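Heads up: the structure comes next, in C-alpha cells.
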Amino acid sequence: MAYTVNTAFAQFIQDEVELDAIQTKTARNSRDWLLSNIENLAQTKKIPRLYGGKSIKHGSFARNTKIRPLDDIDLMVCYSGTGGVYHIVEENECYTISFSKGIQVLSNLCDEQGLLNSRKVIENLKGALANISGYAKADIHRNQEAATLQLTSYPWNFDIVPCFMTTSDFYLIPDGKGNWKKTDPRIDQQRITRINQANNGQLLGLIRLMKYWKKQKWGNRISSYMFETMILDYVACHPLSGNLSTDIRSLLGYLSDAIKKPVYDYKNIQGNLNCLSISDKNELAEIAKEDRNLVFQAIISNTDRFNDISKAISLWQNFFGDKFPDYGK
C-alpha cells in the first residue's frame, strides 16, 4: 500500500521499472549459452575463427541500465584478425579490411576487390545461427550492423554484431554499407562504472527511472544511448545528493537546457549525437521544464509544512504516468 512517497517509489520501481531478478539471471545464462554455441560454430568453420576473450557483452542490458520489458540483448562477436589489414577511408570516415586469400572462410566473404564485405559477414553469421538448437529465426537488423536471433524459449532477441579488434585497440563493426566503422563499448562501460561508484551506486537506478520517464514523455525522438550520455554528462559534474526527488528535479533542469545543444559521444567516435530539429529540441525542452515544475510541487507537497502525501503521489503519477501507484493502493 502506497501511503508514503517512498513506498510508492519502491513499489513502482519494483513492479514497472526494474527488470525481474529471476528473468535477468535466466537472460544472462542464455547469453552465455549462446556465446558457447557461437564458439562451436567457429570451431566447425561455419563462421570465421574467434579472437578469444575479445567478444563483448554490451548495450543497456550489460550496463545495467535496461528497463522493462527485456526485449533485446546486445553482443559483439569478435573474429580473429590474424592475416588481415585495415585501412581508413578518410573521405567518409569508414574502414576497409583485406585478408589473405589463404584464409578460406574470410576470403569467401570478400568482394571482387579483395575487401572484406561487412554485409556478407553478417549474412554468413545469420545463416550459421540457424544451426543453433532452439532457434526460431534469424534476421538482419534493420541498420545492417547486426544479425538478430530469436529463440523459441525466451521473449528477448539477441542483436549480434560481428567485429574485429585492431592493433590500435579499438573495434571495427559493420557500417551498414559493406565497409566497417570504429567503436569501443568498453569506454562507455568504464565511464558509467566510474561515475556510479563515485556516487555510491546511486547512478544506475536514476538512469533506469529517468529512462522510464523518457519513454513516457520524450518517446523515441532521441536514442537511449544519447539519453544515458546526457545523464552521465550531468552527474559527472554534479554529484548526486542522495535525495532522489531533488536529483530528478536538478537533472530535469539540466536536460531542458542540454537538449538544445550538441551532445557529444564520450568515445569521441560518433561526434554530435543530437540530430534533432530545432522544433523538436524546443518541444522536448519545454516538456522537461514543465515536469521539473511538477517535481517541485511534489516535493513541496511532501514537506512537513504541507504534509499532503496524497497530492504528492498524484503529482508523481502525472510525472511518470498511470503505472505509478495511487495513494493507498
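A compact table of results
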| item | result |
| --- | --- |
| The range 41-63, residues that are outside any helix (DSSP H, G or I) and surrounded by fewer than 18 Cβ atoms within 10 Å (Cβ to Cβ) | Thr44, Lys45, Lys46, Arg49, Tyr51, Gly52, Gly53, Lys54, Lys57 |
| Selection from the range 116-132 of residues that are loosely packed, with under 15 Cβ neighbours inside 10 Å and either of a type in the set (A, V, I, L, M) or under 25 Å from the mean Cα position of the chain (by Cα) (or both) | Glu123, Ala130 |
| Qualifying positions in the range 239-298 - open to solvent by less than 30 Å² (accessible area, probe 1.4 Å), part of a helix (DSSP H, G or I) and touching a Lys or Arg at 6+ places or on another chain (Cβ under 7 Å) | Leu252, Gly253, Ser256, Leu284, Ala285, Asp291, Val295 |
| Tally of residues being surrounded by fewer than 18 Cβ atoms within 10 Å (Cβ to Cβ) and of a type in the set (Gly, Ala, Ser) across the range 64-83 | 2 |
| Tally of residues being open to solvent by less than 10 Å² (accessible area, probe 1.4 Å) and aliphatic (A, V, I, L, M) across the range 133-170 | 5 |
| Qualifying positions in the range 171-210 - among the hydroxyl-bearing types (Ser, Thr, Tyr) and either crowded, with 19+ Cβ neighbours inside 10 Å or part of a loop (DSSP other than H, G, I, E, B) (or both) | Tyr171, Thr183 |
| Among the residues listed as Thr96, Thr65, the single one being of a type in the set (S, T, N, Q), touching a strand residue (DSSP E or B) at 6+ places or on another chain (Cβ under 7 Å) and touching a residue at least 40 places away in the same chain (Cβ under 8 Å) | Thr96 |
| Conditions (1) open to solvent by 80 Å² or more (accessible area, probe 1.4 Å); (2) under 15 Å from Ala2 (Cα atoms); (3) part of a helix (DSSP H, G or I): number failed by Leu315 | (1) |
| Count - residues of the range 255-310 that are of a type outside the set (A, V, I, L, M, F, W, C), within 29 Å of Asn6 (Cβ to Cβ) and free of Cβ contacts under 8 Å to residues at least 24 places away in the same chain | 10 |
| Hits in the range 32-60 - residues which are under 11 Å from Pro162 (Cα atoms) and among the small types (Gly, Ala, Ser) | Ser55 |
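The values are calculated or read from the model by the stated rules, or taken from the named source; none is laboratory data. Owing to the predicted nature of the structure, the values given are computational and were not obtained by experimental measurement. We place every Cβ from the backbone using ideal geometry, glycine too, and count neighbours over all the protein chains shown. To get the accessible areas, we keep the full protein, side chains included, count just its heavy atoms, and leave off ligands, DNA and RNA. Shrake-Rupley method; radii C 1.70, N 1.55, O 1.52, S 1.80 Å.
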